[in-house]
Structures are given as C-alpha cells and as structure tokens.
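Everything on this sheet refers to the single structure shown next.
Taken together, the values in this text are just the output of simple stated rules run on the coordinates, not laboratory data. All figures in this text were calculated on a predicted structure; none of them were measured in a lab. A quick note on method: Cβ atoms are made from the backbone with ideal geometry, for glycine too, and the neighbour counts reach across all protein chains shown.
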Amino acid sequence: MFVERFLHFFFCTFLFIAATESVASDDIAVVIENARAPTYDCPDPANYQALESALSSELLSQTQLFDLTVAKTHYMICSGKFQEAQELLLKTITQTEVDEDSYAFASAIYQIGFTYDVQESPARCKYYEQAQSLSSPSHYGDIYTSASMALINYCSGTTDAGERLGKMFAFVERYSKDGQPAELAHIHNNIGLLYGGIEQHALAAEQFLKAHEMGLKVYKGSNRTAILISAIVSLLSSGQHDEAYKRLLEFGRLNSELSTPLTEFHYQYALSIYYRKTRDYVNLNYTLPDLVKTSDAVSSSFGKLLVDWHEAEICLQSGDLACIKAYLSKMRDLNDTAIPANFRSNLDYLSFNVNMHIALGDLNKIKESHELYAEEVERRRIETQDSARIVSTAMFHSRINDLENQIQSAENRRRNTLVASISVFVLLSLVASFALRKKHLASKSVDPVTQLLNAETVINRINRLESPEPGRAIAIAIFDISNFRDVTRKLGSSKGNNVLRQLAETLQNLTRGNDILGRYGTEQFILCLHNIEERSARQFFERAQQALDNTFDRASEVDPIIIKSTMSLFITSEKISGLSDILDEMTMSIDIDCRHA
C-alpha cells in the first residue's frame with residue numbers, strides 16, 4: 001500500500017507568483033488567513049509570496065511567526081518537500097512558545113504525522129492521535145476528520161476490518177447532507193485507501209474515481225491529478241487495464257495543462273507501471289529516461305527504486321545476465337534480503353525476483369525467492385478469504401451506495417428547483433450565449449474535430465522548446481493521409497470527421513504527455529518529440545505511421561477502410577529556428593512524394 005499512501009490527497013505542487021508590494025505588520029492576520037487551507041487541500045499558490053514577505057518582517061510576534069511558519073510548511077508538503085517540512089515543524093514546536101489550543105498548533109501536529117506517514121514510520125500514529133485529541137467535529141473539523149481517517153486506515157492495528165469500515169461509514173453519513181465536494185472527495189479517497197488495504201482493489205478504484213470526479217469541481221493546480229494516480233494504480237492492480245489506459249490518457253491531458261515537476265513524475269510513474277503490467281517492454285524502455293528525469297526533479301527515492309526495478313526488468317527480457325547480477329548486488333547493499341522494503345509485499349516484484357534467479361540458475365536463491373513469493377500469496381489468500389471481512393466489505397459498500405443514492409436524489413431535487421428558477425434567464429440569454437460560445441471555441445487552442453492541438457498552438461509550443469540534451473534531438477513528423485479524399489468519397493463527406501477523430505485517437509494512444517501532437521492541415525497530423533535519441537525517434541515515427549495505416553481493421557469488414565499515409569521527418573540536435581520554413585519544406589516533400597507515388 002506504499003504507493004497509494006505516497007500518492008495521498010496532499011500531493012500537489014505550486015508556482016511562485018510575484019507580489020507587487022510587501023506586507024505591512026497590520027496585515028499579518030489577513031496573510032495568515034489567506035495562506036491557510038484545510039488539511040485535505042493545498043493552499044492557493046497566489047498567496048505564497050505574500051506569506052514569504054510576511055515572514056521576513058521584523059515586527060512579528062511569536063504567535064504570528066508560528067502561524068506563518070505552519071502555513072509555509074503546508075505549502076512545502078504540497079510541493080513534495082516532506083523531509084524539509086518535517087524538520088522545520090519539529091524545530092518550530094519545540095523552540096517556540098505557542099498556544100497549544102490554537103488551530104496552527106493542531107495543524108502542525110497533523111502535518112508532522114503526515115510527513116511520517118509518507119515515510120511509513122510508526123511515529124505517524126502518535127501525532128495523528130494528538131491531532132485528533134486537539135480537535136473535534138465542531139472545533140477544527142478538517143483536522144479532526146483527516147486525523148481520524150488516518151488512524152482508521154493506518155493505526156488500527158489488529159482491529160477487525162468490519163469495525164474499521166463501520167467507522168469510515170460514520171464519516172460518509174456525517175458529511176452526506178451538507179459536505180462540500182472537497183470534503184467528500186477526501187472521505188472517498190480514504191475509503192479507497194481502506195479498500196486497497198484489504199486487497200479489494202476494484203472497490204478501491206471505484207472510490208478513487210468518485211473522489212477524483214468530486215475533486216475536479218473544486219481543486220486547482222496539481223491537486224486535480226492527486227487522486228487520479230491512485231485510481232490508475234488500483235485499476236491496474238484489479239486487472240482493469242483498458243480503463244486504466246483511458247484514465248492515463250485523461251491524466252496526460254491534465255498534465256499537459258499543469259506540467260509541474262510532481263505531476264510530470266506521477267505521469268511517467270503511471271506510464272511505466274502500465275507498460276510493466278501489460279508486459280509492453282518496448283514502451284517501458286522508451287519511457288524510462290523520462291521517469292529518471294522526472295524522478296530526479298522531485299528527489300524521489302521511491303522513483304529511483306522503481307527506475308532500477310524497471311531497468312532490471314528490461315535486462316531480464318533481453319537476457320543481460322551481467323546487468324541482473326549488478327542489480328541484485330546493488331539491492332543487497334540496501335538490505336540482507338536484496339528486496340527493497342517498499343516492494344516486500346508487491347507480488348509483481350516478488351515474481352520478478354524469482355525470475356531473475358531462474359535466469360541466473362542459482363538454485364538456492366530460486367528456492368529462497370520462491371518461498372518469499374509463496375508466503376505473500378498465502379498471506380493474501382488468508383486475508384481475502386476471511387468471510388467476516390468479505391461480508392463486512394459488502395455490507396459497507398451497500399450502505400455507501402444507498403447513502404449516495406439518497407444524496408443524489410436530494411441533489412437532483414435541488415438542481416430541478418434551481419433550473420426552474422433560472423429558466424427564463426437562460427431563454428433570454430440563449431442567442432447571445434451561442435454567439436459568444438462560437439467566438440470562444442474559435443479562439444481555443446484545440447481543433448474541434450480531432451480534439452488535438454490546432455496548428456497555431458503546436459507551432460508555438462515547438463518554438464518554445466529548449467535545446468535538447470547532448471546525444472539527443474528534437475524530432476518532428478508530419479503525417480499526410482494521402483488517400484483521405486478517396487476515403488471520404490467512399491464513406492460520404494459526412495463521415496470524414498469521424499475518420500479524422502479515429503486517426504487522432506490512434507496517435508493519442510501512442511504518445512506521451514510531453515509529446516506535442518496536433519492537427520496540422522486538413523488531412524495532416526504533426527507530432528514533435530523532445531529530448532529523444534535519433535534512432536528511437538525514427539523507430540517511433542515508423543510505428544506511428546504503421547498504426548495510422550492500421551487504424552481500421554481490414555479483416556473485419558467485407559469492404560474495409562484502407563488508410564494510406566505519407567510521412568516527412570525533420571530531426572535536429574539544436575534549438576529549432578525558422579520553424580515555418582522547415583514545415584513548408586516538409587509539406588513540399590510530402591507533395592512531391594505523392595506525385596511520384
């Protein structure tokens with residue numbers, strides 16, 4: 001469960017936004033209020049610079065300094081700086097005289113518990129218990145709710161699963177009537193964590209997706225992807241690979257808007273897990289450099305372990321025994337079992353461990369690793385076959401569904417009332433709204449037919465690309481559907497847009513979140529890869545062209561749709577200049593190829 005706990009609701013990053021003027025001492029209270037956020041959300045990044053300015057003031061009282069520092073550590077946690085936040089908090093609560101009945105003190109204690117939670121340290125329970133005791137449902141309710149659910153999930157010891165589920169239901173019931181989307185998303189996220197802890201990954205995925213949809217209504221920045229990553233992991237763990245891939249595409253779209261170090265890491269992490277789970281080692285190898293880069297950007301020790309594992313997986317598939325030996329030696333330096341603590345209950349890793357020793361032909365190690373795998377399988381079998389646990393889970397899930405149906409019915413009634421009250425206004429505004437919407441859509445960066453970036457946006461993004469790293473390149477391909485007019489004549493002009501949409505989906509399914517993909521001309525698509533080896537780029541573009549040509553299953557119809565595409569490439573190891581001329585030459589080469597075809 002390390003992954004799901006690591007990817008808890010607090011994961012979001014922030015941008016530093018400059019303030020126009022310093023904060024006067026009499027505005028400190030306003031700064032503190034603006035910088036605070038509930039435990040289940042992240043503070044508004046727009047207020048960070050004002051917070052830093054306030055901290056630099058020499059007119060602060062001890063109480064103001066403490067309140068501002070605790071607000072700052074919340075920002076630090078949301079940016080993934082868990083260790084730094086923990087050290088600052090522990091120093092602050094011991095060196096500063098503070099009001100232990102204040103919100104800031106209770107928040108500091110909860111934050112310390114959370115930073116220990118990320119490390120999976122037992123110390124988290126002590127701080128969660130203290131945070132709970134400092135709060136109540138009516139007094140610092142966000143701290144009470146978060147601390148209580150953390151205690152249920154991680155500090156219940158041998159408490160029966162049914163009892164833990166019952167406690168969790170109490171929170172659903174309490175917030176069902178007037179809870180805000182952010183609160184309900186937080187609760188459903190914790191229910192997902194609880195389900196995952198008892199190996200009910202399909203139910204966990206369902207709860208994570210509910211939390212994600214609720215969170216999208218209110219969350220800004222990288223918080224919009226925080227729960228989605230947990231949903232993807234649970235979908236993969238429950239074998240729902242198609243739905244996981246669908247959610248990966250959604251993550252990629254959100255990440256293209258956010259593009260923070262933490263969301264980039266989460267996206268590459270999810271991609272690598274997906275490719276490993278589906279045994280697509282070609283694409284796994286292709287994404288590893290990006291996982292390394294994004295992992296380094298957030299200083300993730302877990303990400304480094306994952307990179308090492310996946311590199312060794314590729315070594316195993318290629319039969320590189322020296323590489324496997326080097327990996328095992330590296331892991332033995334970490335601990336006696338040569339299995340990282342984070343992976344000791346991961347069946348995929350334990351199975352991989354067995355396969356490595358089989359490849360090396362070490363019978364003793366094969367036996368040892370197989371015993372570890374068998375022990376974990378048996379442990380899970382016993383847990384998942386516990387009849388009381390299964391019945392409790394089923395009853396709890398049924399109660400949640402019943403309550404959610406009641407909530408939805410009430411929400412529908414409120415919505416119908418609201419619709420009736422504003423219907424006259426909507427009718428009067430319809431013509432004006434339609435005209436404004438058309439103007440708005442025309443100005444957007446997305447092509448309305450394919451839902452890809454339009455040509456202008458693609459060109460702007462390519463022009464902003466930095467020079468590639470040494471040994472790597474920027475690669476551009478234009479794909480021209482040379483027989484598109486024949487296809488539309490065959491199907492009818494009304495079906496042309498449907499064909500373009502399916503071709504666009506084919507390319508979307510191949511690309512990563514940081515690739516630039518768009519519609520270039522009426523019958524053309526453009527794809528740009530950044531920081532990639534030239535050979536890999538050419539191979540990737542060839543696969544993309546082949547996938548385009550095979551978008552429609554020729555064997556499934558009597559008169560199949562046949563796509564014929566032409567490709568033009570441009571590859572450079574320098575920052576691109578004169579892009580318009582380059583694209584004109586690429587288009588011209590396609591025209592020449594078509595005339596000689």
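In this simple spin-label approximation, SER259 and GLN62 carry label points 7 Å from Cα along the Cα→Cβ vector, and these lie 4.8 nm apart. Could you compute the FRET efficiency for GLU97 and ILE561, with r as their C-beta to C-beta distance and R0 at 51 Å, rounded to 0.05? In this case the efficiency is close to 0.10. The HN-Hα couplings worked out from phi for the stretch 520-530 by the Karplus form 6.51 cos²θ - 1.76 cosθ + 1.60 (θ = phi - 60°) are 9, x, 4, 10, 10, 10, 10, 9, 10, 10, 10 Hz, whole numbers, x standing for Gly and Pro.
Expressed per residue, the C-alpha convex hull volume of the stretch 455-596 stands at 115 Å³. Taking θ as phi - 60° and the Karplus parameters 6.51, -1.76 and 1.60, the scalar couplings of the stretch 138-148 work out to 9, 10, 6, x, 5, 5, 4, 5, 5, 5, 5 Hz in sequence order, x denoting glycine and proline. Summary of the geometry: the stretch 246-297 and the stretch 519-547, compared by the centres of their Cα atoms, lie 18 Å apart.
The calculated FRET efficiency for the pair SER467 and ALA46, based on their C-beta separation and a Förster distance of 41 Å, comes to about 0.80.
Taking each residue as 0.36 nm, the span from GLU250 to TYR281 lengthens on full extension beyond its C-alpha to C-alpha distance by 8.9 nm.
Label positions at ASN364 and ASP486, each projected 7 Å from the Cα along the C-beta direction, are separated by 6.7 nm.
Using Cα pairs under 8 angstrom and six or more residues apart, how large is the relative contact order of the stretch 455-596, in percent? Relative CO of the stretch 455-596 lands at 38 percent. Proximity of backbone amide H atoms, modeled 1.01 Å from N, is registered between GLY80 and CYS12 at under 5 Å, excluding neighbours fewer than 5 places apart on the same chain. Residues whose amide H falls under 5 Å from that of VAL446, counting only those 5 or more places apart or on a different chain, are ASN454, with hydrogens built in the peptide plane. Charged neighbours of SER573, selected by a Cβ distance under 9 Å, balance to -1 (K, R count +1; D, E count -1).
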